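The values are calculated or read from the model by the stated rules, or taken from the named source; none is laboratory data. Computed from a predicted structure; not experimentally measured. Glycine gets a Cβ as well: all are built from the backbone with ideal geometry, and neighbour counts include every protein chain shown. Each accessible area value is taken on the protein alone, full model and side chains, heavy atoms only, with ligands, DNA and RNA left out. Shrake-Rupley method; radii C 1.70, N 1.55, O 1.52, S 1.80 Å.
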Amino acid sequence: MKWFDPGKGFGFVIADEGGPDILLHANVLRNFGQSSVADQAGIEVDVQDTDRGMQAVAVHAIVPPPDADTAGLFDFEEIDPEELRAVPLEPARVKWFDKAKGFGFANTFGRPEDVFIHIEVLRRSGLSDLLPGEALAVRVIEGKRGRMAMEVSGWDSALKDSD
């Protein structure tokens, strides 16, 4: 992913084999169940050559940026990575997220407590921003200050995880 701006509603992908930039429209990304994608994330798309240039028409996968695991989050440092991967995905909805502040909150279904979402968790998950009301799947741990997301993905992931 070269860049994506949720406010503008589009961004550009660079093909592995080079060539012109590929337009990624927000609607195509939403069809995949996401509202954003992190800069430098790997993204697998179907591309169509149109009279306006190359455009992504479907998203199949998003892989976090290569350096996403290098920045540690204090709350995760004392938890075994295998234990983190075993935490089930929970369906959730974004309450609010402020990219400039670097955090926001979501609500998981059936739980009254908010779930804290740090921008670095989004980046590790291959995302860059969240919209209020957006449906998500989150892996939640009890952090030092309450419930916090350790992974965020699209709503479809929660459905697949429950199968």
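Just one of the listed residues (111, 139, 85, 123) is within 24 Å of residue 66 (Cβ to Cβ) and over 14 Å from the mean Cα position of the chain (by Cα), and it is 85.
Report the residue count in segment 127-155 for those that are among the hydrophobic types (A, V, I, L, M, F, W, C), farther than 15 Å from residue 102 by Cα and open to solvent by 10 Å² or more (accessible area, probe 1.4 Å). I'd like the intermediate steps shown before the answer.
Of all residues in segment 127-155, those among the hydrophobic types (A, V, I, L, M, F, W, C) come to 127, 130-131, 135-138, 140-141, 148-150, 152, 155.
Cutting the leftovers down to farther than 15 Å from residue 102 by Cα gives us 135-138, 140-141, 155.
Next cut, open to solvent by 10 Å² or more (accessible area, probe 1.4 Å) only: 135, 140-141, 155.
The number of residues fulfilling the criteria is 4.
Are any residues in segment 4-41 assigned to a strand (DSSP E or B) and modelled with pLDDT of 90 or more, and if so, which ones? Passing the criteria: 10, 11, 12, 13, 22, 23, 24, 25.
Within segment 5-32, the set of residues being closer than 14 Å to residue 131 by Cα and open to solvent by less than 20 Å² (accessible area, probe 1.4 Å) comprises 9, 26, 29. Residues in segment 136-151 that are out of contact with any Lys or Arg (no Cβ under 6 Å at 6 or more places or on another chain) and at pLDDT 90 or above: 136, 137, 138, 139, 147, 148, 149.
Whether a residue is open to solvent by 50 Å² or more (accessible area, probe 1.4 Å) and under 21 Å from residue 3 (Cα atoms) was assessed, and residue 124 passes this test.
Restrict the check to segment 87-104 and report whether at least one residue is at pLDDT below 85, out of contact with any helix residue (DSSP H, G or I) (no Cβ under 9 Å at 6 or more places or on another chain), open to solvent by 60 Å² or more (accessible area, probe 1.4 Å) and part of a loop (DSSP other than H, G, I, E, B). The answer is yes, given that some residue of segment 87-104 is at pLDDT below 85, out of contact with any helix residue (DSSP H, G or I) (no Cβ under 9 Å at 6 or more places or on another chain), open to solvent by 60 Å² or more (accessible area, probe 1.4 Å) and part of a loop (DSSP other than H, G, I, E, B). Considering every residue within segment 57-67, establish whether at least one is open to solvent by less than 50 Å² (accessible area, probe 1.4 Å), of a type outside the set (A, V, I, L, M, F, W, C) and either more than 26 Å from residue 13 (Cα to Cα) or modelled with pLDDT of 85 or more (or both). No; the residues of segment 57-67 include none that is open to solvent by less than 50 Å² (accessible area, probe 1.4 Å), of a type outside the set (A, V, I, L, M, F, W, C) and either more than 26 Å from residue 13 (Cα to Cα) or modelled with pLDDT of 85 or more (or both).
The numbered conditions (1) of a type outside the set (Lys, Arg); (2) open to solvent by less than 20 Å² (accessible area, probe 1.4 Å); (3) farther than 15 Å from residue 36 by Cα; (4) at pLDDT 85 or above are all true for residue 158 except (4).
Taking every residue in segment 146-162 that is closer than 19 Å to residue 105 by Cα and charged (D, E, K, R) and pairing it with any residue that is at pLDDT 85 or above and open to solvent by 30 Å² or more (accessible area, probe 1.4 Å), at least 6 positions away or on another chain, the pairs with Cβ-Cβ distances below 6 Å are 147/113; 151/139. Looking at residue 53, is it without any contact (Cβ under 8 Å) to a residue 60 or more places away in the chain and over 25 Å from residue 91 (Cα atoms)? In short, yes.
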